[in-house]
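J.: Right, I'll just put the structure down here and ask away after.
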Amino acid sequence: MLEHYKGEEVFVKKILDYKQQALYQQRMILTPFYNPHEQEIVKSVIGHELMVYHYGGFINSENCRMIICPDFYEISNDDFEVALVAIDYHEQFGKLRHQDVLGALMNQGIKREFIGDIYLDDRIYFACSSSTYPYLQDHLTQIKRSKVHLSLCDKEIEIKHDYLVKTFIC
């Protein structure tokens, strides 16, 4: 199995361990946030022996948490332990960008695997693990020169991807 995933051996071993736990202990395994490439590896390694669900807090999320479990579990979005957070700030010190928010989150000592997508619309939203949110709410008070206030968001937000598809004929 590992020969198919050059450079990803450590990650695949972790997924194989999750698979064994779910199969032989009949457990539900909740993963950190995984990017689309990692999600595809999880799906291919797990195969059809177990169920694999994903959720990232937004509709059309790229970075998602995954649940690996036997098929008798009934999964809801609450099982993923994802907090959808809205950031309020005054734009008088400049408009915040994706990289500003991600940099501020990383600067708090939060690993990338605990942060999902960051989405900028009329407000700034990001997804994080539920256990990470209280820490961020207490400690993330400023991004760049803007004071920020974090609050949980309970509405469904759809990320609109602006992809351009090009076809080349050689």
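The values are calculated or read from the model by the stated rules, or taken from the named source; none is laboratory data. Small disclaimer: the values here were computed from a predicted structure and weren't measured. Positions of Cβ are generated from backbone atoms using ideal geometry, with glycine treated the same way; all protein chains shown enter the neighbour counts. Keep in mind that these areas ignore ligands, DNA and RNA; they rest on the heavy atoms of the full protein, side chains included. Shrake-Rupley method; radii C 1.70, N 1.55, O 1.52, S 1.80 Å.
J.: Please go through region 156-170 and give me each residue that is outside any strand (DSSP E or B) and either in contact (Cβ under 8 Å) with a residue 60 or more places away in the chain or in contact with an Asp or Glu (Cβ under 9 Å, 6 or more places away or on another chain) (or both), ordered by number.
T.: GLU156, ILE157, ILE159, LYS160, HIS161
J.: Please go through region 57-76 and pick out each residue that is closer than 20 Å to ASP154 by Cβ and open to solvent by less than 20 Å² (accessible area, probe 1.4 Å).
T.: Within region 57-76, GLY57, PHE58, CYS64 meet the criteria.
J.: Which pairs have Cβ atoms under 6 Å, sit 6 or more apart or on different chains, and link a residue in region 103-119 that is farther than 20 Å from GLN142 by Cβ to one that is surrounded by 13 or more Cβ atoms within 10 Å (Cβ to Cβ) and of a type in the set (A, V, I, L, M)?
T.: Cβ pairs passing all conditions: GLY116/ALA127; ASP117/ALA127; TYR119/ILE159.
J.: Here are ASP79, ASP117: which of them is of a type in the set (Asp, Glu), modelled with pLDDT of 95 or more, open to solvent by less than 50 Å² (accessible area, probe 1.4 Å) and touching a Gly at 6+ places or on another chain (Cβ under 9 Å)?
T.: ASP117
J.: Just wondering, is there one or more residues in region 138-145 that are open to solvent by 20 Å² or more (accessible area, probe 1.4 Å) and touching a Gly at 6+ places or on another chain (Cβ under 8 Å)?
T.: Yes; the residues of region 138-145 include at least one that is open to solvent by 20 Å² or more (accessible area, probe 1.4 Å) and touching a Gly at 6+ places or on another chain (Cβ under 8 Å).
J.: Could you grab me the full set of residues in region 82-97 that are open to solvent by less than 100 Å² (accessible area, probe 1.4 Å) and either under 18 Å from GLY57 (Cβ atoms) or not in a loop (DSSP other than H, G, I, E, B) (or both)?
T.: Hits for region 82-97 are VAL82, ALA83, LEU84, VAL85, ALA86, ILE87, ASP88, TYR89.
J.: Looking at the structure I just gave you, is HIS48 closer than 19 Å to MET28 by Cα, at pLDDT below 95, of a type outside the set (A, V, I, L, M, F, W, C) and out of contact with any strand residue (DSSP E or B) (no Cβ under 8 Å at 6 or more places or on another chain)?
T.: Taking the combined requirement at face value, the residue satisfies it.
J.: Still on this structure, please answer the following. Could you please let me know if LEU102 is closer than 13 Å to ILE115 by Cβ and out of contact with any Gly (no Cβ under 8 Å at 6 or more places or on another chain)?
T.: Against the criterion (closer than 13 Å to ILE115 by Cβ and out of contact with any Gly (no Cβ under 8 Å at 6 or more places or on another chain)), LEU102 qualifies.
J.: Within region 118-156, take every residue that is within 18 Å of the chain's Cα centre (by Cα) and β-branched (Val, Ile, Thr) and give me the one that is nearest to LYS95 (Cα to Cα).
T.: Out of the qualifying residues, it is ILE124.
J.: A follow-up question, please. Would you check if ILE41 is within 25 Å of CYS128 (Cα to Cα), part of a strand (DSSP E or B), under 21 Å from the mean Cα position of the chain (by Cα) and among the hydrophobic types (A, V, I, L, M, F, W, C)?
T.: No: the conditions fail for ILE41.
J.: Also, I was wondering about something else. Going by the structure shown, is GLY56 modelled with pLDDT under 95, of a type outside the set (D, E, K, R) and within 29 Å of ILE143 (Cβ to Cβ)?
T.: Spelling it out, it is not the case that GLY56 is modelled with pLDDT under 95, of a type outside the set (D, E, K, R) and within 29 Å of ILE143 (Cβ to Cβ).
J.: Assuming ARG145 fulfils every condition listed in (1) within 30 Å of LEU50 (Cβ to Cβ); (2) in contact (Cβ under 8 Å) with a residue 12 or more places away in the chain; (3) of a type in the set (D, E, K, R) apart from one, which condition is it?
T.: The single condition ARG145 does not satisfy is (1).
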